[in-house]
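**Q** Structure provided below as structure tokens; questions to follow.
Readers should treat all values here as calculations from the given coordinates under stated rules, not as data from a laboratory. These numbers come from a predicted model, not from an experiment. Counting neighbours? That spans all protein chains shown, and the Cβs are built from the backbone with ideal geometry, glycine included.
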Amino acid sequence: MFVRGFIRSVRLPLAVFFTGCLLLSVASCQRAPAPGRSATGVSQPGTQQVFQVKGVVKKLDANGKTIEIRHEEIPDYMPAMTMPFEAKNPKELSGLKPGDAVSFRLTVTETDSWIDQLQSGFESCRRWNQQRGLGFPDRN
């Protein structure tokens, strides 16, 4: 009899305690900041941020290492826009022309930025098909 009374008297406070713990844990959850950014959205010194980006080539500069691309939004970094990018390896720009859909890696440091791993829409589609044994005609 004593045990039953004790369990009933403890049940409500335990339920309140665990409910409070659950609410505190949910309230303390936050979305983690993007890599290289603090919770305020400002880049932290000495960090390097890397983004996978898609866009369309608008023009290639005569210097052979700068390409202007209309890119999609880069989440947690910048809205969609048209802007010039410097290629880390200018040879990656060969064969590209205005209107080509491209995907690339954008690396940003505190003082510099560059793109690399450029793939045209045709090349990335061809590679995907080849990996699956589907074949794909060569571009002429």
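**Q** Within the stretch 43-82, which residues are of a type in the set (Phe, Trp, Tyr) and in a loop (DSSP other than H, G, I, E, B)?
**A** Residue satisfying the conditions is TYR77 alone.
**Q** Now for a different question. Scan the stretch 49-63 and tell me whether some residue there is buried (at least 18 other Cβ atoms within 10 Å of the Cβ) and touching a Pro at 6+ places or on another chain (Cβ under 7 Å).
**A** The answer is yes, given that some residue of the stretch 49-63 is buried (at least 18 other Cβ atoms within 10 Å of the Cβ) and touching a Pro at 6+ places or on another chain (Cβ under 7 Å).
**Q** Out of all the residues in the stretch 84-105, which are closer than 21 Å to GLU73 by Cβ and free of Cβ contacts under 8 Å to residues at least 12 places away in the same chain?
**A** Passing the criteria: none in range.
**Q** If I ask for residues that are among the polar types (S, T, N, Q), assigned to a loop (DSSP other than H, G, I, E, B) and in contact (Cβ under 8 Å) with a residue 24 or more places away in the chain, which ones from the stretch 106-123 would you list?
**A** Of everything in the stretch 106-123, just one residue is among the polar types (S, T, N, Q), assigned to a loop (DSSP other than H, G, I, E, B) and in contact (Cβ under 8 Å) with a residue 24 or more places away in the chain, namely THR109.
**Q** I'm checking my understanding of the structure. Among residues of the stretch 60-101 that are of a type in the set (Val, Ile, Thr) and within 14 Å of TRP114 (Cβ to Cβ), which one is nearest to the chain's Cα centre (by Cα)?
**A** Step by step, filter the stretch 60-101, then rank; the result is ILE69.
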